[in-house]
Amino acid sequence: MRYAMAIDTKKCVGCSDCVVACQTENNVPIGYCRDWVVEATDGTYPQLETEIRSERCNHCDNAPCVRCCPTGSSHFAEGGAVLVDHEECIGCGACVASCPYDARYMHPEGYVDKCTFCMHRVEKGMKPACVSVCPTKCMYFGDLDDPKSDVSVMLKKRKFKTLIPEAGTKPQIYYLI
Amino acid sequence: MREEIIVSGRMNPRIDPVLNIWHWEIPLYLFLGGLAAGILFFAALYTIMGKEKKYPAAVKWAPFIAPVVLMIGLLALFLDLKHKPYFWQLYTTIRLTSPMSWGAWVLMVVTPLSFIWSALNIKEIFPNWDWKFQWIRDFEAFCRKNIIPIAWIMMISSLILGIYTGILFSAFNARPLWNTSILGPLFLTSGLSTGAAAIMLMSKSHEERLLFSKIDLILIGIELFLIVHMFMGFMASTQVQIDAAKLFLGGPYTSAFWIFVVSLGLVLPALLEILELRKRKIPIVITATLVLFGGIMMRFVIAYAGQASRWLY
């Protein structure tokens, strides 16, 4: 089993509903967010092209945060999701510095927090909060090992990219282009 | 031309707009750790070589600083932790892939050793010192008997401590400025150099000062070579590392790096040491203070500039 997410950059309108849904579902403290929306503009005026991406922890296969964690608090859960065990986290910040995507933050209570792929929902057979609320249905979540899952089907049909693959992290959020 | 902006208003404290997860605590600790490593390395080295009598400052006096600076460093590290009640989790596991885990464990070896070393020499300060309990006297006798193996353990563990302070940074490929294996040897050399400076400050004999002046001069030479080498590596690397080097080549950290670290912290003390070797009278306190100042500035500049360097996508 390998959980992954595919996000259609051609369908995303950048409404930030995924951000609000995540904050509500996961009780993210005010002033923080686990996911965010990036607008990337390429070219020179008037030939401009904009890509909109909903970003979050990439749940990397080769996760630098798991590698540098001194206590084993950052770990791979079943299905490859990268999670933080709050009881083991000492709040040293090494994983925050190690993430090329800046996807982690220090929770006001002291431990490090980040996107969990909404494992508490996924375990019950539901989709992550961000995926379930997306008004343009541009996000797909599922198991890469299952050829019939939403994410496998989309990655077969469409061209895709990942963010900073040259950092060697093997990210598992795929952007359909 | 490409421009990327976060449009959902992400402003996570300590992450945005530029990563600033580590403040003064970490560079201060890295400096003090390197300083202690340098002092303990020379103490162990000259004990193994059997030159305790010839170089008393290196073997007996300067090591009194080591436990003090290590305790201040550890306090700084503890202050940096945000989930303090759980700090003991560091010692429930050994994570070979995590430099921080290496550091936590090597400190468990070096810190007690530095205390034992100071305790063995305490009669130098208080000639009438008595340990009161027989078991402490027995332990002291045991340590004195096995001083050479203890010195070997201290020398190797202080080298690991010195080099780990650099590897801690270089293991982060997310921060291109830190992601160079030169940082390990550079911080180790700088730690040894600041250790030599501390010994120079403590020493009362001209011969010993001159020896550590010479050692320090060589170490500064190695540091300058490593810095040049680091920039050569960056400029021949990927765009993100070229951008990282530019933080020091015209970017916001240019003056801090070239004035405080290189000019005042390395070149000037090296010149003063050369003059001293040529029999000019140079107050040792100036040279040693400049070396220590350069060491602390190097940790601060690299810690802060590293957090400003990043992958852009």
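The modelled label-to-label distance for the pair B:Ile5/B:Lys132, using points 7 Å beyond Cα in the direction of Cβ, is 6.8 nm. B:Asp243 contributes an accessible area of around 70 Å² to the protein surface, as traced by a 1.4 Å probe with all chains present.
With each label modelled as a point 7 angstrom along the Cα→C-beta vector, the B:Ile122-B:Leu275 pair spans 4.2 nm. Between B:Thr93 and B:Asp16, the modelled label-to-label distance comes to 3.0 nm, taking each label 7 Å out from Cα in the direction of the beta carbon. Over segment B:6-130, Cα pairs under 8 Å with separation of 6+ residues give a relative contact order of 24 percent. Averaged over peptide B:100-107, the number of partner chain Cβ atoms lying within 10 Å of each residue's Cβ comes to 3. Remark on A:Glu55: its backbone amide H falls under 5 Å from those of A:Trp36, A:Val37, A:Val38, a criterion applied only to residues 5 or more positions apart or on other chains, H modelled at 1.01 Å from N.
To the nearest ten degrees, helix B:268-277 and the longest principal axis of the Cα atoms of chain B are 30 degrees apart. Summary of packing: across the peptides B:231-239, B:246-254, the per-residue average of other C-beta atoms within 10 Å ranks them, highest first, as B:246-254, B:231-239.
For A:Cys89, neighbours were defined as the other residues whose beta-carbon sits under 12 Å from its Cβ, and their charges (Lys and Arg +1, Asp and Glu -1) total -1. Counting, for every residue in B:165-176, the Cβ atoms of other protein chains within 10 Å of its Cβ and taking the mean gives 4. Using only the alpha-carbon atoms, how far is helix B:99-120 inclined from the longest principal axis of chain B? Give it as 0 to 90 degrees, nearest 10. Around 20 degrees separate the two axes. How high is the FRET efficiency from A:Asp145 to B:Leu75, r the C-beta distance, R0 51 Å, rounded to 0.05? In this case the efficiency is close to 0.55.
Could you state the accessible area per residue of the protein assembly as shown in Å², with a 1.4 Å probe and every protein chain left in place? Before the final figure, lay out the partial values.
Details: 21440 Å² over 490 residues.
Roughly 44 Å² per residue, with all protein chains present.
When only alpha carbons are used to place a centre, segment A:73-128 and segment B:14-80 end up 33 Å from one another. Note on B:Lys82: aspartates and glutamates with a C-alpha under 19 Å away, same-chain residues under 8 apart excluded, are A:Asp85, A:Glu87, A:Glu88, A:Asp102, A:Glu109, A:Asp113, B:Asp16, B:Glu25. Taking a straight line from the alpha carbon of A:Lys124, these lysines sit under 22 Å away, with near neighbours fewer than eight places off in the same chain left out: A:Lys114, A:Lys137, A:Lys148. The share of Cα pairs per 20 Å bin across the protein assembly as shown, counted from zero up to the longest distance, runs 22, 46, 24, 8, 0 percent. Largest accessible area first, the listed residues B:His83, A:His75 line up as A:His75, B:His83 when surface is computed with a 1.4 Å probe on the assembled protein chains. Neighbouring Cβ atoms from other chains, within 10 Å of the Cβ of residues in A:84-92, number 6 on average. Shape summary of chain A, radius of gyration then Dmax from alpha carbon positions: 16.0, 53 Å. Within the same chain, aspartates and glutamates fewer than 8 places from B:Lys60 are excluded, and of the rest, those with a Cα less than 15 Å from its Cα are B:Glu52, B:Glu124, B:Glu208. Here r is the Cβ-Cβ distance between B:Met235 and A:Ala40 and R0 is 22 Å; the resulting FRET efficiency, rounded to 0.05, is 0.20.
The listed peptides A:101-111, A:53-63, B:134-144, ordered by packing as a protection proxy, come out as A:53-63, A:101-111, B:134-144 (highest mean of other Cβ atoms within 10 Å first). For segment B:15-104, chymotrypsin sites (Phe, Trp or Tyr not before Pro) meeting the loop criterion (DSSP other than H, G, I, E, B) and having at most 16 other Cβ atoms within 10 Å: B:Trp24.
Pairs exceeding 25 Å between alpha-carbon atoms, taken from A:Lys127/A:Lys170; B:Lys123/B:Lys279; A:Lys10/A:Lys127: B:Lys123/B:Lys279.
Pairing chains A and B buries close to 3900 square angstrom of accessible surface in total, based on protein heavy atoms and a 1.4 angstrom probe.
By the Kirkwood approach, averaging reciprocal distances over each pair of separate Cα atoms, chain B gets a hydrodynamic radius of 20.8 Å.
The values are calculated or read from the model by the stated rules, or taken from the named source; none is laboratory data. Owing to the predicted nature of the structure, the values given are computational and were not obtained by experimental measurement. Positions of Cβ are backbone-derived with ideal geometry, glycine not excepted, and every protein chain shown enters the neighbour counts. Note: areas computed on protein heavy atoms with side chains; ligands, DNA, RNA excluded. Shrake-Rupley method; radii C 1.70, N 1.55, O 1.52, S 1.80 Å.
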